[in-house]
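Notes follow the structure.
The values are calculated or read from the model by the stated rules, or taken from the named source; none is laboratory data. All values derive from a computational prediction rather than experimental measurement. Here the Cβ is made from the backbone with ideal geometry for all residues, glycine too, and neighbour counts use every protein chain on show. Note: accessible area is taken over every heavy atom of the protein model, side chains too, but ligands, DNA and RNA are not part of it. Shrake-Rupley method; radii C 1.70, N 1.55, O 1.52, S 1.80 Å.
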Amino acid sequence: MGDIVSMLTHPSWNLGSILVKGGLVMVPLLASSMIALAVILERCLFWRRIRKYEGGKTILSLVVAGHLAEATKMARASQHPVARVLLAGLEHHTPAPGMAMEATSQAELQRLKRYLPMLDTIITLAPLLGLLGTITGMISAFGIVSEAGLGQPHAITGGVAEALIATATGLSIAILTLVPYNYFRVKTEAMTDLIEERATRLELILKACQVREEQ
């Protein structure tokens, strides 16, 4: 084990050599890491853009006060998912605001969940690719043993070290992707609950306003 650690920490083992020594499976692993990084950056920018206060409470307050035009204008000016759903309800307050908000919320949820299945796939796929690379590397290491014999331990440990590179890389990619994936998933669930709560309140307010107008 000490021989393997010393070889991995040797200055000659730079990034390029690690990619080469890890075998062909390092190509899809490298591609997976780049895709995961791109998705994480895109999702971070997305949530940063919409983290501003969506104005849902203000929109609902304007509707309660009977200022539908002002509430609609405020909702239309926002790009926040909650505001977009409320806008659909205000624009279709007669006859079916609930159906309009439900349809818009489905579209907004797709926008919130965009690319998350890709991260989920990478989390599952990367360790499997790493394991595949290790198996093929071990087969190669045993081939070295059969040719060089047990009298050359450095040749054996070198083959084992190269075989373990793929597994270490796959696990690293999966671990580093899992944390932001769970973060984005929790954010999406929280936003879903907020959309449902605001949409239900707006529907109740519009229903109450309609009852008052009929009396």
Response to the item:
Sorted list, accessible surface of protein heavy atoms, 1.4 Å probe, largest first, for 115, 183 is 183, 115
Worksheet item: Can you run phi through the Karplus equation (6.51, -1.76, 1.60; θ = phi - 60°) for region 198-208 and list ³J(HN,Hα) in whole Hz, with x for Gly and Pro?
Response: 5, 5, 5, 5, 5, 4, 5, 5, 5, 5, 5
Worksheet entry | Label-to-label distance, nm, for residues given as residue 113 and residue 77 (7 Å Cα→Cβ offset) | 3.3
Item to complete: Return the FRET efficiency for the residue pair residue 201, residue 138: r is the Cβ-Cβ distance, R0 is 45 Å, and the value is rounded to the nearest 0.05.
Response: 0.15
